[in-house]
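Participant: First the structure, then my questions, so here it is.
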């Protein structure tokens, strides 16, 4: 009985949990509810993933209004993959946040934190599951607005400025996106993505459609922090509460990448995007710029959260690089890196949250000798760092394998070298941590530090473990990613 | 136990030893016993595979599929058998030696040292038995990472710098060149399994093969072919047992082993020889031999001199492989073993001198042979092996390399080998001469109250010296393995 309603329940459960928390106004209850909603979302996502595994497409007509007139929720292999990713990360983070957020957010605001958390989750899942362009915009706003609040809850007062920066940039992005959608509506008379995809070829070469493509690209790239539209990201990541940083890094930017993929390959079809406009070349250049410039900037950061934030910008470059290849191998690499990087960066930010709990702001000058004081945390960060570098037997290696292979397949051997060279920059900043953690004598202030609490270590290590496990067993990740890539490319041709 | 089971067991034993060593950190005797038992067990397991390989079998086992067609799999073939035997056998001797060295010098963090050592040996066995390029790469990187804490054991500023160079060059080279080469091979051949005769036949243009070969040779920085050698002298900051087993045997041999393996099983010896655009490789290897020997000649620090000697000797293996004749391939395989025995003896001696007399420079060694006759006697035998004189094992491998070069008329290589021999006599013999024939320097301060090094160290250095001589008289087993490499299939 419930089964046909799963696509909508995916969004509705966390969405309904939010007002309930405001009514009860208790932090503990709010946490329980947020956890229950996240776990339920994960269960639903897994069920959906299993049901579309054979290539079926689930269509859900909201309020029984048949699409394209009503709002349609549409689950295929591409977004089912994303739903699993988002909901599982959200579940891990919410379990972690009980201890972590309690230390960072005033008690009387705890319930608000979890309210925003549930709304953010609902928004992210909504963006992923919906098949309607305007509905997508609404969920984009829901997730963005709740994110602004979540960032502003950070202990550091600079969190307010960071949130404000993101608010401005995010609003510009959302506006651009909605202008693009409006132009498409103008030309096709529909907001349903599938319907739009069918109608677009007749008007594909017209100027408003190309303008729409440009607007949507810029709008979405602001949200996914493609270089040079990433300026909001480092501060937002650095000053937000630790759990929020992990959630944002692992899910928010990834969902935006999904939106880009959905529009590029499914709505516009690769033909318009990659032939009428030089999108492949633009993406390629910006991705390379992100990989090199952001990694270089990361090397010179003193705040570790900022360092890994810049690393995120660089890693997003790898994902968009995979997209720019416009081939099965390249897209597989991009999508699998989206998944892999979510695991790795999620793990890293969760572990950093543990350090932040003990030392406050995590800077290189106050974590000397931390490898001896917090060995489990420090070793986890090293493992995460190795995954960023792309050492074999970590997820990072799998991504790199596909990206380099895609570069070689397209005949661009120089690009293969650029990809591996940029990962050497990663070695530099990961090794900065290694040397600080293991080579410096502990400062007197650090010498009394205890290991992070178990309630934070276990979720963090769950992600660390996943980023090693999926480096060895890739049936789920590469399997899902290559299916998604094939579906995307088929959708476009 | 089936051979496949033995392979897995051989990998599992040192891995299982790591937590055991870690938990016994309060009882050093138990901890060292675990290491010794593990090393012995590992050697027996590896040795038990030898009859199978000699009988022509190629035991193999697949552990898991990472990507379609990309497996973690192990195949024992003669070259890997030989490397595995040497590394695991010398681990026993080295463990004995480590006990004396680490206790004698009152080193800190000994538990971490032994844990990492066990991990390094597990990685080495993984490299030796790797059945494809991916497995090789996996354990190659693992070996770099697990030896990093060993290289930087003292956690000093100097160790930190050396560690940077170590990680930077080894990880950097392997990702920037080796990984690209592997993926490129995959893209061309559709497989990265090691197969006799190579996998690139008619799959790639001549130019591509040339570029690929360069990527492999320079990407495998552990082979220390110039200019990718700088990390090796830097790594000498580590405690001497690390320099002895890892930077004379396991790590560097993993490098040349990988080069030889790639030449035989990825490119194919005959294929490369037919290709004819690989002349640059003997040149580079020859240059490394000569240049590194000259640097060694000018180094007063004993470990640094030995390190450059290693750089030079490693390129003998690369040169032998690059000659692309059956005889020189035999020589390459043998030289992996003979140089390992000889060089570990030399390092053992250097560490013994440091422990007993706290001397690190060649110029301080006048007359030390009278106080440490066993140590310096072993050093003399190791030196003979380096130079390639009977009755030391180095003679056997050099003989084959030289025969290969002469048989195909590659006179340039012959000249390099001759010059290398003279140079190695030049940088090693003066040490032996000083030790035995020069009077001790006049007493200056605290020194001269020392005798031999601790017993376990003397036993270890004598054992490896004995092995060096024994291998000269009884090279049959290793020869049989090496011949299989050069023979058809």
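The values are calculated or read from the model by the stated rules, or taken from the named source; none is laboratory data. Owing to the predicted nature of the structure, the values given are computational and were not obtained by experimental measurement. Please note: Cβ atoms are built from the backbone with ideal geometry, for glycine as well, and neighbour counts cover all protein chains shown.
Participant: Can you tell me which of B:140, B:114 is within 11 Å of another protein chain (Cβ to nearest Cβ) and at pLDDT 90 or above?
Facilitator: On the way: B:114 fails: within 11 Å of another protein chain (Cβ to nearest Cβ).
The conditions single out B:140.
Participant: Are there helices (runs of 4 or more DSSP H) fully within segment B:186-292 with at least 1 residues that are out of contact with any helix residue (DSSP H, G or I) (no Cβ under 8 Å at 6 or more places or on another chain) and at pLDDT below 90? List them. It would help to see each step written out before you state the result.
Facilitator: Working: elements: B:206-219, B:231-234, B:251-261, B:269-275.
So the answer is B:206-219, B:269-275.
Participant: A further question follows. From A:460, A:466, A:455, A:436, which residue is touching a residue at least 12 places away in the same chain (Cβ under 8 Å), closer than 27 Å to residue B:148 by Cα, surrounded by fewer than 24 Cβ atoms within 10 Å (Cβ to Cβ) and away from chain B (no Cβ under 14 Å)? Write out each step before concluding.
Facilitator: Numbers: A:460 fails: surrounded by fewer than 24 Cβ atoms within 10 Å (Cβ to Cβ); A:455 fails: closer than 27 Å to residue B:148 by Cα; A:436 fails: away from chain B (no Cβ under 14 Å).
Step by step, each of A:460, A:466, A:455, A:436 is checked, and only A:466 is touching a residue at least 12 places away in the same chain (Cβ under 8 Å), closer than 27 Å to residue B:148 by Cα, surrounded by fewer than 24 Cβ atoms within 10 Å (Cβ to Cβ) and away from chain B (no Cβ under 14 Å).
Participant: If residue A:345 passes every condition in (1) surrounded by fewer than 24 Cβ atoms within 10 Å (Cβ to Cβ); (2) on the phi < 0 side of the Ramachandran plot but one, which one does it miss?
Facilitator: That leaves (1) as the condition not met.
Participant: Output the number of the condition that residue B:124 fails; it satisfies all remaining conditions of (1) within 11 Å of chain A (Cβ to nearest Cβ); (2) closer than 27 Å to residue B:200 by Cβ; (3) crowded, with 24+ Cβ neighbours inside 10 Å.
Facilitator: Single failed check for residue B:124: (1).
Participant: Could you say which residue among B:164, B:155 is farther than 26 Å from residue A:406 by Cα, modelled with pLDDT under 90, facing another protein chain (nearest Cβ under 10 Å) and surrounded by fewer than 21 Cβ atoms within 10 Å (Cβ to Cβ)? Steps first, answer last, please.
Facilitator: Working: B:164 fails: modelled with pLDDT under 90.
Selected residue: B:155, the only one of B:164, B:155 that is farther than 26 Å from residue A:406 by Cα, modelled with pLDDT under 90, facing another protein chain (nearest Cβ under 10 Å) and surrounded by fewer than 21 Cβ atoms within 10 Å (Cβ to Cβ).
Participant: Does residue B:102 satisfy the criteria of being farther than 22 Å from residue B:479 by Cα and either more than 14 Å from chain A (Cβ to nearest Cβ) or out of contact with any strand residue (DSSP E or B) (no Cβ under 8 Å at 6 or more places or on another chain) (or both)? Talk me through it step by step, then tell me what you get.
Facilitator: Values: farther than 22 Å from residue B:479 by Cα: yes; either more than 14 Å from chain A (Cβ to nearest Cβ) or out of contact with any strand residue (DSSP E or B) (no Cβ under 8 Å at 6 or more places or on another chain) (or both): yes.
Yes; evaluated as a whole, the condition is true for this residue.
Participant: Next up: Looking at segment B:64-71, is at least one residue modelled with pLDDT under 90, within 14 Å of chain A (Cβ to nearest Cβ), out of contact with any helix residue (DSSP H, G or I) (no Cβ under 8 Å at 6 or more places or on another chain) and closer than 25 Å to residue B:145 by Cβ?
Facilitator: Yes: segment B:64-71 contains one or more residues that are modelled with pLDDT under 90, within 14 Å of chain A (Cβ to nearest Cβ), out of contact with any helix residue (DSSP H, G or I) (no Cβ under 8 Å at 6 or more places or on another chain) and closer than 25 Å to residue B:145 by Cβ.
Participant: Being within 11 Å of another protein chain (Cβ to nearest Cβ), within 25 Å of the chain's Cα centre (by Cα) and surrounded by 23 or more Cβ atoms within 10 Å (Cβ to Cβ) narrows it down to one residue among A:377, A:426; which is it? Can you show your working first?
Facilitator: Values: A:377 fails: within 11 Å of another protein chain (Cβ to nearest Cβ).
From the options A:377, A:426, the qualifying one is A:426.
Participant: Give me the residue from segment B:45-57 that is farther than 15 Å from residue B:478 by Cβ and surrounded by 15 or more Cβ atoms within 10 Å (Cβ to Cβ) and, out of that set, nearest to the other protein chains (Cβ to nearest Cβ). Before you say what the answer is, go through the steps one by one.
Facilitator: Going through segment B:45-57, the residues farther than 15 Å from residue B:478 by Cβ turn out to be B:45, B:48, B:52, B:55-57.
From the residues that got through so far, the ones that are surrounded by 15 or more Cβ atoms within 10 Å (Cβ to Cβ) too are B:45, B:52.
Details: B:45: 23, B:52: 28 Å.
Here the answer is B:45.
Participant: Related question: All but one of (1) touching a strand residue (DSSP E or B) at 6+ places or on another chain (Cβ under 6 Å); (2) at positive phi hold for residue B:72; which doesn't?
Facilitator: (2) is the only condition that residue B:72 fails.
Participant: If residue A:51 satisfies all but one of (1) out of contact with any helix residue (DSSP H, G or I) (no Cβ under 7 Å at 6 or more places or on another chain); (2) within 17 Å of residue A:90 (Cβ to Cβ), what's the number of the condition it fails?
Facilitator: Exception for residue A:51: condition (2).
Participant: Further question: Among residues belonging to segment A:248-297 that are in contact (Cβ under 8 Å) with a residue 12 or more places away in the chain and not in a helix (DSSP H, G or I), point out the one that is surrounded by the most Cβ atoms within 10 Å (Cβ to Cβ).
Facilitator: Checked segment A:248-297; the qualifying residue surrounded by the most Cβ atoms within 10 Å (Cβ to Cβ) is A:268.
Participant: While we're here: Just checking, how many residues over segment A:473-493 are in contact with a strand residue (DSSP E or B) (Cβ under 8 Å, 6 or more places away or on another chain) and either crowded, with 17+ Cβ neighbours inside 10 Å or closer than 14 Å to residue A:402 by Cα (or both)? Talk me through it step by step, then tell me what you get.
Facilitator: Going through segment A:473-493, the residues in contact with a strand residue (DSSP E or B) (Cβ under 8 Å, 6 or more places away or on another chain) turn out to be A:473-474, A:478.
Next cut, either crowded, with 17+ Cβ neighbours inside 10 Å or closer than 14 Å to residue A:402 by Cα (or both) only: A:474, A:478.
The number of residues fulfilling the criteria is 2.
Participant: Condition (residue is at the interface with chain B (Cβ under 8 Å from one of its Cβ atoms), under 16 Å from residue A:331 (Cβ atoms) and touching a residue at least 12 places away in the same chain (Cβ under 8 Å)) applied to segment A:407-414: is it met by at least one residue? Outline the logic, then answer.
Facilitator: In the first step, residues of segment A:407-414 are kept if they are at the interface with chain B (Cβ under 8 Å from one of its Cβ atoms); the result is A:408-409, A:413.
Filter once more, keeping what is under 16 Å from residue A:331 (Cβ atoms): A:408-409.
In the following step, the residues that additionally are touching a residue at least 12 places away in the same chain (Cβ under 8 Å) were identified as A:409.
Yes, that holds for at least one residue.
Participant: Listed residues A:300, A:308, A:325; which is within 23 Å of residue A:225 (Cα to Cα), surrounded by 24 or more Cβ atoms within 10 Å (Cβ to Cβ) and more than 19 Å from the chain's Cα centre (by Cα)?
Facilitator: A:325
Participant: Within the group B:413, B:425, which residue is within 23 Å of the chain's Cα centre (by Cα), surrounded by 15 or more Cβ atoms within 10 Å (Cβ to Cβ) and closer than 12 Å to residue B:388 by Cβ? Step through it out loud before you land on a result.
Facilitator: Details: B:413 fails: closer than 12 Å to residue B:388 by Cβ.
So the residue among B:413, B:425 that is within 23 Å of the chain's Cα centre (by Cα), surrounded by 15 or more Cβ atoms within 10 Å (Cβ to Cβ) and closer than 12 Å to residue B:388 by Cβ is B:425.
Participant: Is there a residue being modelled with pLDDT under 95 and within 23 Å of residue B:131 (Cα to Cα) anywhere in segment B:17-35?
Facilitator: Here is the first cut: in segment B:17-35, the ones modelled with pLDDT under 95 are B:17-35.
Cutting the leftovers down to within 23 Å of residue B:131 (Cα to Cα) gives us none.
No, every residue in segment B:17-35 fails to be modelled with pLDDT under 95 and within 23 Å of residue B:131 (Cα to Cα).
Participant: Can you work out which of the residues in segment A:380-394 that are crowded, with 24+ Cβ neighbours inside 10 Å and outside any helix (DSSP H, G or I) is farthest from the other protein chains (Cβ to nearest Cβ)?
Facilitator: The qualifying residue farthest from the other protein chains (Cβ to nearest Cβ) is A:394.
Participant: Given the criteria part of a helix (DSSP H, G or I), closer than 24 Å to residue A:213 by Cα and either in contact with a strand residue (DSSP E or B) (Cβ under 7 Å, 6 or more places away or on another chain) or in the same structural domain as residue A:406 (by TED's automatic domain parsing) (or both), does residue A:343 qualify? Give the derivation first.
Facilitator: Numbers: part of a helix (DSSP H, G or I): yes; closer than 24 Å to residue A:213 by Cα: no; either in contact with a strand residue (DSSP E or B) (Cβ under 7 Å, 6 or more places away or on another chain) or in the same structural domain as residue A:406 (by TED's automatic domain parsing) (or both): yes.
Against the criterion (part of a helix (DSSP H, G or I), closer than 24 Å to residue A:213 by Cα and either in contact with a strand residue (DSSP E or B) (Cβ under 7 Å, 6 or more places away or on another chain) or in the same structural domain as residue A:406 (by TED's automatic domain parsing) (or both)), residue A:343 does not qualify.
Participant: Which condition breaks for residue A:124 when tested against (1) within 21 Å of the chain's Cα centre (by Cα); (2) at pLDDT below 95?
Facilitator: Evaluating residue A:124 over (1) within 21 Å of the chain's Cα centre (by Cα); (2) at pLDDT below 95 leaves (2) as the failure.
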